[in-house]
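K.L.:
Got a structure for you, questions after.
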There are 2 protein chains.
Amino acid sequence: MIEPTVLAAIQSSDHILCVSHVSPDGDAYGSLLGMGWILRHLGKTPVLAMHDPTPKEFQYLPGASAIIGAKAVADHYDLIICLDASSIDRMGAIYRDAHRQLPLLVIDHHITNTRFGTINWVEPICAATCQMLVALADALETPLTGPLAECLLTGIVTDTLCFRTSNTTAEVLEAAMRLIRGGADLATITQRTLNQRSAAVLRLWGMALSQMSLEEGVIWTTVSRQQLKAAGDLTSEGQLSSTLITAAEANISATFTEKLDPQGRPTVECSFRAKPGFNVGSVALALGGGGHPAASGCTLSGTLAEVTATVVPMLKQVRQG
Amino acid sequence: MIEPTVLAAIQSSDHILCVSHVSPDGDAYGSLLGMGWILRHLGKTPVLAMHDPTPKEFQYLPGASAIIGAKAVADHYDLIICLDASSIDRMGAIYRDAHRQLPLLVIDHHITNTRFGTINWVEPICAATCQMLVALADALETPLTGPLAECLLTGIVTDTLCFRTSNTTAEVLEAAMRLIRGGADLATITQRTLNQRSAAVLRLWGMALSQMSLEEGVIWTTVSRQQLKAAGDLTSEGQLSSTLITAAEANISATFTEKLDPQGRPTVECSFRAKPGFNVGSVALALGGGGHPAASGCTLSGTLAEVTATVVPMLKQVRQG
């Protein structure tokens, strides 16, 4: 499953820069840090970099304190490994002009990946980039134990919402089983990542669920800036779409959250989920966003009323198949 | 792990009555029907019985149409196998006086099991009775394929909320992995069981979350009969406690739902969840209910105000350990 060029690029490089994507999630941190532990086991000296500062919920991950920001990144490395990012811009300020002449190994599971590396290893069948790193660790004879197991299980758990997404295959469960046997604690990881909503988020859900709509198999709700403030100065709606999609009547769910762009103009963050057989990845892509068939998102200019008036009809037109 | 007496009792019996518990859930149906498929593979003629009629969400399970009610149950069988029931009364009207002289094999994973059989196989380490039946199928050389795989994965998925509960071990994931490889479809099972909330339930959650309370690590909310009616003539609150416990500030969650008993007097159904290290099973047991350390429940006489005034202080006193 892994091309020899992927293994050769890693094995022949010593000074390696690893980077993941902006607005990082658990799979971004899990795969970045997991790659770091694999490379250290191979005797390399990896440098791990992220555009964003590490949010509180991921600071506990082993190795997280060594992650550097854009200013500390050098111009030259033997190899750059980009993890879990579907396009070149997703590396943010970490990747700069001086890097364009360096070998770039892309390791990603997004079906929308643009193959922007000099070597591209893309596996849309995998539920998480961390699942790919389990196979990579095997190929590089790195044991799935200790910090590596903890980082990789974190990415698998967060990207599958603890094995709940429809791309959870027997291979995903096998990878997780092996990581748990290697010492990773599933309950602790679930606890530290997925069960870390603030009670204020649940209060916001109370408001949002009270005003939800359901038409033609599409269930959606809106969250205004005023509601975010009233619930406790929240910046996010906490993946409400994943709860909305559990409604039996719904094929597709959407949450529209009002924000302001840096110029103070209204924008709306759109988060989509779909039942098996329905594809919201293509809707997000058409609107300039990205993601997977079952989970995707985009950000659009406009007010809540304007954006829902545009997007909800598009969601209603998604057909099974 | 399986006592030879368990295997011998099954192997030496031909005419076998299988029964599970009242208010049946996915593990009750999964283990009852799964046991049926194992026995048929061994050339036996099992009779499957349940106190309650099969609810719509489980009627799709292979073999469900053959389940009989109490009236059709005979007085004599070679063996009765009781699945997923923690005490003798949980079999409801299926188990009657004439049965008391028959051999009774109890197969269950509840830590509160009272060992009421002539042979008792109880494994509290297992997350579902269906997980035990994976081991039983192995011991009886029954392949984990087809209808058996589908039934057993249903029980594992529903009892662990799709691998989300803290008792989800590497062995649970291994059992699920093998059932998926045997042909069970995880996405379809999740879809048909856990993602079958009506939109009305989410509307009810909107009301309930808007009025939740959080004190001393206990998060709770109430659901009145009027709210059940307003949301769409609902009879259940849809396991809201499992969502409440995802709040970072909470160690314990509770949902109190107002009902009427057969005499028209107010009762309250209490549903508890706990984070790892906290035990709500003992609270429910002390109040006449039952369950597990991480998930339990009971029904108490009284109004919502009376019951919460009694129970919430008990929940606040639960200490980690």
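K.L.:
Cβ-Cβ under 7 Å, sequence separation 6+ or interchain: first residue in region A:10-25 and at pLDDT 95 or above, partner basic (Lys, Arg). Which pairs?
P.N.:
Qualifying pairs under 7 Å: A:14/A:44; A:16/A:44; A:21/A:90.
K.L.:
Suppose the filter is within 18 Å of the chain's Cα centre (by Cα) and either more than 20 Å from residue B:136 (Cβ to Cβ) or among the hydroxyl-bearing types (Ser, Thr, Tyr) (or both); does residue B:29 pass it? Full working, then the answer.
P.N.:
Numbers: within 18 Å of the chain's Cα centre (by Cα): yes; either more than 20 Å from residue B:136 (Cβ to Cβ) or among the hydroxyl-bearing types (Ser, Thr, Tyr) (or both): yes.
It is true that residue B:29 is within 18 Å of the chain's Cα centre (by Cα) and either more than 20 Å from residue B:136 (Cβ to Cβ) or among the hydroxyl-bearing types (Ser, Thr, Tyr) (or both).
K.L.:
Collect the residues in region B:199-218 that are in contact with a strand residue (DSSP E or B) (Cβ under 6 Å, 6 or more places away or on another chain), hydrophobic (A, V, I, L, M, F, W, C) and within 25 Å of residue B:277 (Cβ to Cβ), keeping them in residue-number order.
P.N.:
If the condition is that a residue be in contact with a strand residue (DSSP E or B) (Cβ under 6 Å, 6 or more places away or on another chain), hydrophobic (A, V, I, L, M, F, W, C) and within 25 Å of residue B:277 (Cβ to Cβ), then B:212, B:218 are the ones that fit.
K.L.:
Same structure again: Taking the condition of being of a type in the set (Asp, Glu) and under 17 Å from residue B:15 (Cα atoms), how many residues in region B:57-79 meet it?
P.N.:
Result for region B:57-79: 2.
K.L.:
Could we say that residue A:136 is touching a residue at least 12 places away in the same chain (Cβ under 8 Å), within 14 Å of chain B (Cβ to nearest Cβ), buried (at least 19 other Cβ atoms within 10 Å of the Cβ) and in a helix (DSSP H, G or I) here?
P.N.:
Values: touching a residue at least 12 places away in the same chain (Cβ under 8 Å): yes; within 14 Å of chain B (Cβ to nearest Cβ): no; buried (at least 19 other Cβ atoms within 10 Å of the Cβ): yes; in a helix (DSSP H, G or I): yes.
The answer is no for residue A:136.
K.L.:
When you scan region B:210-321 for helices (runs of 4 or more DSSP H) that lie fully inside it, which ones turn up with 1 or more residues that are basic (Lys, Arg)? Don't jump to the end; show me each part of the working.
P.N.:
Details: elements: B:225-232, B:240-244, B:281-286, B:304-316.
By residue number, B:225-232, B:304-316.
K.L.:
Give me a count of the residues in region B:256-289 that are at positive phi and away from every other protein chain (no Cβ under 14 Å). Steps first, answer last, please.
P.N.:
Pass one, region B:256-289, residues at positive phi: B:264, B:277, B:288.
Restricting the remaining residues to those that are away from every other protein chain (no Cβ under 14 Å) gives B:264, B:288.
Qualifying residue count, region B:256-289: 2.
K.L.:
Sticking with this one: Any idea how many residues of region A:114-126 are part of a loop (DSSP other than H, G, I, E, B) and over 17 Å from the mean Cα position of the chain (by Cα)?
P.N.:
Taking region A:114-126 and keeping what is part of a loop (DSSP other than H, G, I, E, B), we get A:114-118, A:123-126.
Filter once more, so that each one left must be over 17 Å from the mean Cα position of the chain (by Cα): A:115-118.
The number of residues fulfilling the criteria is 4.
K.L.:
If you don't mind, there's one more thing I want to ask. Go through (1) within 14 Å of another protein chain (Cβ to nearest Cβ); (2) under 25 Å from residue A:114 (Cα atoms); (3) among the acidic types (Asp, Glu) for residue A:249 and report which single condition fails.
P.N.:
(2)
K.L.:
Is one or more of the residues making up region A:108-119 in the same structural domain as residue A:78 (by TED's automatic domain parsing) and under 29 Å from residue B:169 (Cβ atoms)? Can you show your working first?
P.N.:
At the first step, the residues of region A:108-119 found to be in the same structural domain as residue A:78 (by TED's automatic domain parsing) are A:108-119.
Still in the running and under 29 Å from residue B:169 (Cβ atoms): A:109.
There is at least one residue in region A:108-119 that is in the same structural domain as residue A:78 (by TED's automatic domain parsing) and under 29 Å from residue B:169 (Cβ atoms).
K.L.:
Shifting gears a bit: For region B:206-220, enumerate the residues that are closer than 24 Å to residue B:294 by Cα, facing another protein chain (nearest Cβ under 10 Å) and crowded, with 17+ Cβ neighbours inside 10 Å.
P.N.:
Those that are closer than 24 Å to residue B:294 by Cα, facing another protein chain (nearest Cβ under 10 Å) and crowded, with 17+ Cβ neighbours inside 10 Å: B:208, B:209, B:212, B:214, B:219.
K.L.:
Tell me, yes or no, whether region A:269-292 has at least one residue that is in the same structural domain as residue A:226 (by TED's automatic domain parsing), over 21 Å from the mean Cα position of the chain (by Cα) and not small (Gly, Ala, Ser).
P.N.:
Applying the first criterion (in the same structural domain as residue A:226 (by TED's automatic domain parsing)) to region A:269-292 yields A:269-292.
Imposing the further condition that a residue be over 21 Å from the mean Cα position of the chain (by Cα) reduces the set to A:277.
With the extra rule that they be not small (Gly, Ala, Ser), the set shrinks to none.
No: zero hits.
K.L.:
Here are some residues: A:39, A:32. Which one is in a helix (DSSP H, G or I) and either under 22 Å from residue A:188 (Cα atoms) or modelled with pLDDT under 95 (or both)?
P.N.:
Answer to the selection: A:32.
K.L.:
Could you please give the count of residues in region A:146-205 that are more than 23 Å from residue A:110 (Cα to Cα), more than 7 Å from chain B (Cβ to nearest Cβ) and not in a helix (DSSP H, G or I)?
P.N.:
Total meeting the criteria: 4.
K.L.:
Within region B:88-113, which residues are surrounded by 14 or more Cβ atoms within 10 Å (Cβ to Cβ), modelled with pLDDT of 95 or more and not in a helix (DSSP H, G or I)?
P.N.:
Once the filter is applied, which keeps residues that are surrounded by 14 or more Cβ atoms within 10 Å (Cβ to Cβ), modelled with pLDDT of 95 or more and not in a helix (DSSP H, G or I), region B:88-113 yields B:95, B:102, B:103, B:104, B:105, B:106, B:107, B:108, B:109.
K.L.:
Another question, then. Hey, does region B:92-112 have a residue that's in contact (Cβ under 8 Å) with a residue 12 or more places away in the chain, small (Gly, Ala, Ser) and within 23 Å of residue B:193 (Cα to Cα)?
P.N.:
No, region B:92-112 contains no residue that is in contact (Cβ under 8 Å) with a residue 12 or more places away in the chain, small (Gly, Ala, Ser) and within 23 Å of residue B:193 (Cα to Cα).
K.L.:
Is it fair to say residue A:188 is buried (at least 19 other Cβ atoms within 10 Å of the Cβ) and under 22 Å from the mean Cα position of the chain (by Cα)?
P.N.:
Working: buried (at least 19 other Cβ atoms within 10 Å of the Cβ): no; under 22 Å from the mean Cα position of the chain (by Cα): yes.
It is false that residue A:188 is buried (at least 19 other Cβ atoms within 10 Å of the Cβ) and under 22 Å from the mean Cα position of the chain (by Cα).
K.L.:
Residue by residue through region A:230-253, note down the ones that are touching a residue at least 40 places away in the same chain (Cβ under 8 Å) and aliphatic (A, V, I, L, M).
P.N.:
A:252 - this is the single residue of region A:230-253 that is touching a residue at least 40 places away in the same chain (Cβ under 8 Å) and aliphatic (A, V, I, L, M).
K.L.:
Need the failing condition index for residue A:73 against (1) of a type in the set (A, V, I, L, M); (2) more than 25 Å from residue A:193 (Cα to Cα); (3) touching a Leu at 6+ places or on another chain (Cβ under 9 Å); (4) without any contact (Cβ under 8 Å) to a residue 24 or more places away in the chain, just the number.
P.N.:
Only one criterion in (1) of a type in the set (A, V, I, L, M); (2) more than 25 Å from residue A:193 (Cα to Cα); (3) touching a Leu at 6+ places or on another chain (Cβ under 9 Å); (4) without any contact (Cβ under 8 Å) to a residue 24 or more places away in the chain is unmet by residue A:73, namely (4).
K.L.:
Right, next: Among (1) under 14 Å from the mean Cα position of the chain (by Cα); (2) surrounded by 19 or more Cβ atoms within 10 Å (Cβ to Cβ), there is one condition residue A:23 misses while meeting the rest; what is its number?
P.N.:
All conditions are met except number (2).
K.L.:
Being surrounded by fewer than 21 Cβ atoms within 10 Å (Cβ to Cβ), without any contact (Cβ under 8 Å) to a residue 60 or more places away in the chain and in contact with a helix residue (DSSP H, G or I) (Cβ under 9 Å, 6 or more places away or on another chain) is the filter here, so list the residues in region A:259-295 that pass it.
P.N.:
A:259, A:260, A:266, A:267, A:286, A:287, A:289
The values are calculated or read from the model by the stated rules, or taken from the named source; none is laboratory data. Predicted, not measured: the structure shown is a model, and the values here were computed from it. Cβ coordinates were reconstructed from backbone atoms using ideal geometry, including for glycine residues, and neighbour counts include every protein chain displayed.
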